[in-house]
Amino acid sequence: MTTTSVQHALEGRLPVGGEVTVRGWVRTRRDSKAGLSFVNVSDGSCFAPIQVVAPATLSNYESEVKHLTAGCSVIATGELVASQGKGQGFEIQASRVEVVGWVDDPETYPIQPKAHSLEFLREVAHLRPRTNLFGAVTRIRDCLSKAVHRFFHENGYFWISTPIVTTSDAEGAGQMFRVSTLDLANLPRNASGEVDFSRDFFGKETFLTVSGQLNVEAYCLALSKVYTFGPTFRAENSNTTRHLAEFWMVEPEIAFADLKENARVAEDFLKYLFRAVLDERADDMAFIAERVQKDAVARLEAFINAPFEQIDYTDAIKLLQASGQKFDFPVEWGLDLQTEHERWLTEQHVGRPVVVSNYPEHIKAFYMRLNDDGRTVAAMDVLAPGIGEIIGGSQREERLDVLDARMAQFGLDPGHYQWYRDFRRYGSVPHSGFGLGFERLVVYVCGLSNIRDAIPYPRAPGTADY
Ligand code: 4AD
């Protein structure tokens, strides 16, 4: 007897006629007039459940098998046989079905075998992984994370764990969540009534990181090619379908690389990830294409096959102004591009991914390298059809005097960035990197319309349950 995953049993590599055991959760049960029950069991190892054919001769057939409902957990043992059912390669002719856990109230079990709205499923985020859609999204997300590490491993990068608790505002945008270890009602205060952070656990005012970039830059300037991949936090009150308060970011950093090299790595990286999903999760992508986004597979193929278009920000503004398109937000040199502008550029103007570079210096972060024109910085955003910005990156300012001037311009306290200034004092070199919003990637691959469905437990304004 072999205890196996459903995936393994369905793959056709186990001997037909052999005895196998699978363990999982009931999706559906159908009883035939011939005195048999067909119980679909999923263990999440692949998209499809396996059909367990339970005959009436089982000792617990009347007492238990005929009462199984969606969500019950079972261990089924029997002969693996070729299935007569359409689209099912193999099934199990059960000799034993053990019920491990019942559903105490089948009527109110939230995950019934029918279509549920995504809004409803967000309210039962702890049970939604049992649905077809969230099973598929979870396996695709896992495949993408593993491919992230594999890409960097194959290309000579080192994975650096960067801190979650920090004093530095890596983006200088003031969107940080404060960390406090103290009783909020009794914060220690000095004589002037200000909060005294020196008595806090960290002895300083600390925050959740908005990006691991500044920390990973330090390692880039020693190990040359590095990346960080972890959760990041933004206290921006953006109640949109594209923003989360807690999201995962992949941030490579490359020494001696300019913006061009950075854009090339971003392109190779995205294409590698999409290839991995198409190769490794064909079952889940077929479901996504059938139920969520018809062209889900075709557009990843198209993405892989199209060279990215490079457009200068200044040219992008001219193109948008000449488009004749009515936009809700103004298009003007010096203003940031909004999603509607990004989508017009990538979907309607070019029809493939676009890298927009060299943005006005005052709308981008302090660490981006000032171009010779003194008006723009060596920043790049990668825009993808169907979603807009998916990657943001830049060549970093490696000249100490320019960096200091930029920090002063942004009103940042150099005291908080002494360590970051040190890299520009000791063997400074040109270097570049970017950040890929991991949930935006999952949204794109899975054709989702809301980023809250791309992460197991979404955190957004007003949403922190579970
Ligand atoms: O453009 P951002 O803010 O860049 C950085 O954080 C840099 N430190 C990255 C770097 O150069 N190492 O964010 C990078 C990406 C965006 O392109 C977007 O995909 C994603 O992170 N992102 C968000 N995703 C979900 N929710 C949010 N609130 C996000 N903010 C940014």
Completion exercise
If R0 = 25 Å, then Leu184 and Leu127, at their Cβ-Cβ distance, give a FRET efficiency to the nearest 0.05 of 0.15
Exercise for the section: Once you have all Cα-Cα distances for segment 172-281, histogram them in 10 Å bins from zero and send the whole-percent values. Expected result: 12, 26, 31, 19, 9, 3, 0
Handout entry: Overall Cα dimensions of the chain - principal axes, largest extent first, Å
Key = 83, 59, 45
Completion exercise
Descending accessible area (1.4 Å probe), largest on the left, turns Glu342, Glu123 into Glu123, Glu342
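Order these peptides, 30-36, 448-454, 246-252, by their mean beta-carbon neighbour count within 10 angstrom, highest first.
Going by the mean number of other Cβ atoms within 10 Å, highest first, we get 246-252, 448-454, 30-36.
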Handout entry: Value of relative contact order over the chain, rounded to a whole percent, pairs C-alpha under 8 Å and six or more apart
Key = 13 percent
Problem - Distance from segment 113-136 to segment 179-198 (C-alpha centre basis), Å - result: 42 Å
Fill in the blank from the handout: Non-local residues with an amide H under 5 Å from the amide H of Asp312, with H modelled 1.01 Å from N and Pro and chain starts lacking one, are Ser357
Fill in the blank from the handout: Gyration tensor on Cα atoms of segment 229-333, a ≥ b ≥ c root eigenvalues, a/c under 1.5 rounded, else prolate if a/b beats b/c, else oblate, says rounded
Fill in the blank from the handout: Simple spin-label estimate for Glu154/Phe177, 7 Å along Cα→Cβ, in nm, reads 3.5 nm
Exercise for the section: May I ask for the distance between the Cα centers of segment 34-85 and segment 201-224, given as a whole number of Å? Expected result: 52 Å
Problem - Residue-normalised accessible area of the chain, expressed per residue, 1.4 Å probe, Å² - result: 47 Å²
Exercise for the section: Calculate one ³J(HN,Hα) per residue across segment 94-110 by plugging θ = phi - 60° into the Karplus curve 6.51 cos²θ - 1.76 cosθ + 1.60, and present them in order as whole Hz with x for glycine and proline. Expected result: 6, 9, 7, 10, 9, 8, 8, x, 8, 8, 5, 9, x, 5, 9, 4, x
Problem - Label-point gap, in nm, between Glu236 and Thr108 - each point 7 angstrom along Cα→Cβ - result: 4.1 nm
Fill in the blank from the handout: Here the gain from full extension of Gln418 to Ser59, 0.36 nm per residue of separation minus their alpha-carbon distance, amounts to 121.9 nm
Problem - Solvent-accessible area, 1.4 Å probe, carbon plus sulfur percent, for the chain - result: 50 percent
Exercise for the section: With a Förster radius of 56 Å, plug the Cβ-Cβ distance of Arg96 and Leu223 into 1/(1 + (r/R0)^6) and report the FRET value to the nearest 0.05. Expected result: 0.55
Handout entry: Centroid-to-centroid separation of segment 266-326 and segment 240-255 [C-alpha atoms, Å]
Key = 18 Å
Fill in the blank from the handout: Contour minus Cα-Cα span, Thr2 to Asp372, at 0.36 nm per residue, comes to 126.5 nm
Problem - Under-5 Å amide H pairs with Ser95, H placed in peptide plane, nonlocal only - result: Thr77, Gly78, Glu79
Fill in the blank from the handout: Karplus ³J(HN,Hα) for segment 158-174 (6.51 cos²θ - 1.76 cosθ + 1.60, θ = phi - 60°; Hz, whole; x = Gly/Pro) runs 9, 8, 10, 8, 9, x, 8, 9, 8, 9, 8, 8, 4, 9, x, 9, x
Practice task
Any chance you could run the full-extension gain for Gln84 through Asn450? It's 0.36 nm times the residue separation minus the Cα-Cα distance, nm to one decimal.
Solution key: 127.9 nm
Handout entry: Whether segment 372-463 is rounded, prolate or oblate, judged on the alpha carbon gyration tensor where a/c under 1.5 counts as rounded
Key = prolate
Completion exercise
Of the listed pairs Lys326/Lys364; Lys114/Lys326; Lys294/Lys364; Lys260/Lys326, those with alpha carbons more than 30 Å apart are Lys114/Lys326; Lys294/Lys364; Lys260/Lys326
Problem - Amide H contacts of Thr28 (H built 1.01 Å from N, under 5 Å, at least 5 apart or other chain) - result: Asn40
Fill in the blank from the handout: Computed, not fitted: 222 nm per-residue ellipticity of the chain from DSSP H runs ≥ 4 (each -39500 (n - 2.57)), nearest 500, equal to -8500 deg cm²/dmol
Practice task
Treating cross-link reach as a plain straight distance, find the lysines whose alpha-carbon is under 19 Å from the alpha-carbon of Lys146, omitting any fewer than eight places away in the same chain.
Solution key: Lys225, Lys271
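The values are calculated or read from the model by the stated rules, or taken from the named source; none is laboratory data. If you're wondering where the values come from, they're calculated on a predicted model, not measured in any experiment. Reconstructed Cβ throughout: ideal geometry from the backbone, glycine too, with neighbour counts over all protein chains shown. SASA here: full protein model, heavy atoms, side chains in, ligands and nucleic acids out. Shrake-Rupley method; radii C 1.70, N 1.55, O 1.52, S 1.80 Å.
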